[in-house]
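The block underneath contains the structure these notes are about, expressed in structure tokens.
Since every read-out is calculated from the coordinates, none of them should be taken as a lab result. Bear in mind that the values here come from a model prediction, so they are computed numbers and not experimental data. Please note: Cβ atoms are built from the backbone with ideal geometry, for glycine as well, and neighbour counts cover all protein chains shown.
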Amino acid sequence: MKKNVFRRKNYEKNIHKNLHNKIVHFLGIALLMGSIVTSSFLQPMLTASAASDITPQYTTNSNGIVPTNSWTIPGQNTVINHQGGDTTNGWDKKDSWEGTSSDISTSYLKFGTNTSNPDYQIRKYAKETSTPGLYDVYLNVKGNEIENTCSYTENPDSFISRA
């Protein structure tokens with residue numbers, strides 16, 4: 001009789017343990033499936049759309065490989081930068097610009113669905129310095145709420161060790 005009681009307790013214990021394991025396993029799978037379904041619905045809403053139609057195209061000419069839609073700084077014909085633009089209006093059609101970093105509106109690639117207030121804008125361009133063959137490269141990025149625009153210019157002299 002004691003043997004049967006012992007077997008019954010072990011049997012009930014194993015049933016509860018197995019049931020508990022199956023419930024935990026089921027909840028784990030449900031949680032995983034729920035997160036996959038939720039992310040597949042939310043991902044398109046949370047992702048800024050990129051302007052895939054405004055990808056720079058390149059042309060080969062006597063200067064080498066250059067952006068088809070490009071601009072130069074007056075007097076610096078060897079520095080050829082790509083134009084800005086967006087998917088609705090296309091390229092900005094500027095073929096010349098001073099390249100002043102304080103100008104916060106020229107030659108930005110605009111990304112997002114609202115071209116009058118893009119999610120973000122990116123501009124990268126180069127200018128030759130007073131030393132031939134030495135260039136300043138500018139990278140400007142801004143979001144759709146302009147509070148402060150900052151430019152970063154690498155000073156090549158900072159890499160030269162001075163004795």
Inset, instruction - Report the label-to-label distance for Thr59 and Asn77 in nanometres (one decimal), using points 7 Å from each Cα along the Cα→Cβ vector. - result: 1.5 nm
Inset, instruction - Pull up all non-local amide H partners of Ser107: gap of 5 or more, or a different chain, and H-to-H distance under 5 Å with H placed in the peptide plane. - result: Gly84
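Contour minus end-to-end for Asn117 and Ser102, with contour as 0.36 nm per residue of separation and end-to-end as the Cα-Cα distance?
Details: separation 15, 0.36 × 15 = 5.40 nm, distance 1.98 nm.
Taking 0.36 nm per residue and subtracting the Cα distance, the gain is 3.4 nm.
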Legend entry - Cα→Cβ-extended label distance, 7 Å offset, between Asn21 and Thr129, nm: 6.9 nm
Inset, instruction - Between Thr68 and Glu145, take the C-beta separation as r, use R0 = 35 Å, and let me know the FRET efficiency to the nearest 0.05. - result: 0.65
